[in-house]
Amino acid sequence: MNRRNFLMVGAAAGALAATGAQAQMAAPAACAGDGTPMQFMPKKAKDPAPLAGELEKYAKCPYCGMDRTQYHFTRHLIHYGDDLVDGTCSIHCAAISLSLNLDRQPKTIYAPDNSAPGDIKPLVEVEKLTYVIGGGLKPVMSKTPKTSFASKDQAQAIVAKDGGEVVDFNKALTMSYLSMAEDTMMIRKNREERRKKMMEQQGGSMEHKSH
């Protein structure tokens with residue numbers, strides 16, 4: 001490398017280093033109060049009572065956009081120690097929230113009690129719930145269903161009838177992380193197929209109108 005090229009490379013490297021240093025200095029100010037400056041910041045205001053009007057306040061999952069009322073039977077809600085709240089559609093998206101908010105300690109994590117009657121399943125602290133992995137139940141954001149019940153007897157009865165495994169929240173969360181790559185690829189494929197179908201339908205509609 002000749003001297004001229006060496007100086008040009010050195011100047012470019014110096015500029016990049018300066019830019020990186022400026023970005024590092026600016027980042028904490030952009031997210032003041034965060035332990036990890038680049039971590040996800042929930043978009044909602046702090047909420048000391050997240051269960052009051054929960055589905056109205058946290059209508060859509062912030063990670064996939066799915067309607068939490070429609071998927072009330074798998075939705076989760078994480079109440080962090082600083083009173084910020086993440087309402088997700090599933091344990092899959094709850095796992096994303098927990099991994100992105102490493103410096104926030106969850107105060108309470110809630111999931112639905114599918115043992116309860118009614119059209120909308122109530123949220124219960126996950127420590128009081130039993131999860132059925134598999135068991136022929138409907139999966140959400142995953143190939144493998146992970147369904148929560150307050151009644152361990154009901155969970156065991158489902159497994160005895162349809163197969164699956166009875167686990168606690170920590171094991172269900174671990175299994176969500178272990179299947180994250182495969183589930184994410186499945187979600188991307190499904191969404192791409194839906195987009196193509198919509199475009200084909202729109203194209204057919206435009207062609208019909210032109211005739």
Check your understanding: Here are some conditions: (1) out of contact with any His (no Cβ under 6 Å at 6 or more places or on another chain); (2) at pLDDT 95 or above. ARG104 meets all but one. Which one does it not meet?
Key -> (2)
Review point. Just checking, how many residues over segment 100-115 are under 18 Å from SER90 (Cβ atoms) and not hydroxyl-bearing (Ser, Thr, Tyr)?
Key: 8
Check your understanding: Is it true that TYR63 is of a type outside the set (A, V, I, L, M) and either under 21 Å from ILE187 (Cβ atoms) or at pLDDT below 95 (or both)?
Key -> yes
Practice item. Return a yes/no flag: does segment 135-142 have any residue that is surrounded by 24 or more Cβ atoms within 10 Å (Cβ to Cβ) and at positive phi. Key: yes
Point to revise | Among residues of segment 145-178, those that are of a type in the set (Ser, Thr, Tyr) and either more than 17 Å from HIS92 (Cβ to Cβ) or crowded, with 18+ Cβ neighbours inside 10 Å (or both), counted | key: 4
Check your understanding: When segment 125-157 is examined, which residues are found to be at pLDDT below 95 and farther than 23 Å from ILE187 by Cβ?
Key -> none
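Matching residues to (1) in a helix (DSSP H, G or I); (2) more than 15 Å from the chain's Cα centre (by Cα); (3) modelled with pLDDT of 90 or more:
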{"site": "LYS171", "(1), (2), (3)": "yes, yes, yes"}
{"site": "MET175", "(1), (2), (3)": "yes, no, yes"}
{"site": "MET185", "(1), (2), (3)": "yes, no, yes"}
{"site": "ASN190", "(1), (2), (3)": "yes, yes, no"}
{"site": "ARG195", "(1), (2), (3)": "yes, yes, no"}
{"site": "SER205", "(1), (2), (3)": "yes, yes, no"}
{"site": "LYS209", "(1), (2), (3)": "yes, yes, no"}
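The values are calculated or read from the model by the stated rules, or taken from the named source; none is laboratory data. Computed from a predicted structure; not experimentally measured. Backbone-built Cβ (ideal geometry, glycine too); neighbour counts: all protein chains shown.
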